[in-house]
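Data first, discussion second: the structure below is written as structure tokens.
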């Protein structure tokens, strides 16, 4: 019964037509993220039907617990590579969480809510200011969005609430997704999610949205989030989180096909040990 696995592994390691390892046109995007207490860099290697995402800290080392992720639209797979242990994980893409995993993710295919009526309202306003400038040789639009999370009747008093988020940035007309990821993003925008926090019931949410989500790549973006949390003592704890994202390089360049394949000698596992 090893034949199906061998065929599967062969597809992962050499599924492109042409000479193995040959370069094909693509885009490399490097973005720096500065969060309140940390900073890191993300590099995306992108072709129409496949992508590879890497996250490293400011020294260039892999972020702890984060591994390279490959999306293969042509195979309908997402692949995670553990370069330390020479192991890899495979999931169908887009994938659905198992019943055991679902409670730990906001997205659920069949949500089980605590109440019939919404207990949270999320109001989002997106505005294109009309301002434009040139960035990376493309026209960038100035976008400002605000999001408020408003508690409604029936919400548990201990629920941690993200009260307000303001995002301001510049977006260029470059789609940083593969063909299948674009479809998934569109599906997510039309899907209603529930919120889940450990040891609390799942809440039904009412969405109110004004304005259209910009299509493109945010090359400069600042996000300020204000949080409000009720502590077990009853005291209200409020704090802020600032995140600044900036694209530092966009390079249209040939990409080696090996970037999107499982390296030889890697072993498929169901979960990484570290």
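The values are calculated or read from the model by the stated rules, or taken from the named source; none is laboratory data. No experiment lies behind these values; they were computed from the predicted model shown. Cβ sites come from the backbone with ideal geometry, for glycine too, and all protein chains shown count toward neighbours.
Descriptive notes on the structure:
- Residue count for region 67-83, restricted to those that are touching a residue at least 40 places away in the same chain (Cβ under 8 Å) and in a strand (DSSP E or B): 8.
- Filter result for the condition that a residue is touching a helix residue (DSSP H, G or I) at 6+ places or on another chain (Cβ under 9 Å) and modelled with pLDDT under 70, over 76, 65, 21, 26: 21
- Condition check for residue 197 on (1) surrounded by 12 or more Cβ atoms within 10 Å (Cβ to Cβ); (2) modelled with pLDDT of 75 or more; (3) assigned to a loop (DSSP other than H, G, I, E, B): one failure, at (2).
- Exactly one residue among 262, 208, 247 is touching a strand residue (DSSP E or B) at 6+ places or on another chain (Cβ under 9 Å), assigned to a strand (DSSP E or B), at pLDDT 80 or above and surrounded by 16 or more Cβ atoms within 10 Å (Cβ to Cβ), and that residue is 247.
- Selection from region 222-244 of residues that are in contact (Cβ under 8 Å) with a residue 12 or more places away in the chain and in a loop (DSSP other than H, G, I, E, B): 232
- Qualifying residue in region 141-162 (condition: farther than 24 Å from residue 241 by Cβ, at pLDDT 90 or above and either in a strand (DSSP E or B) or in contact with a strand residue (DSSP E or B) (Cβ under 8 Å, 6 or more places away or on another chain) (or both)): yes
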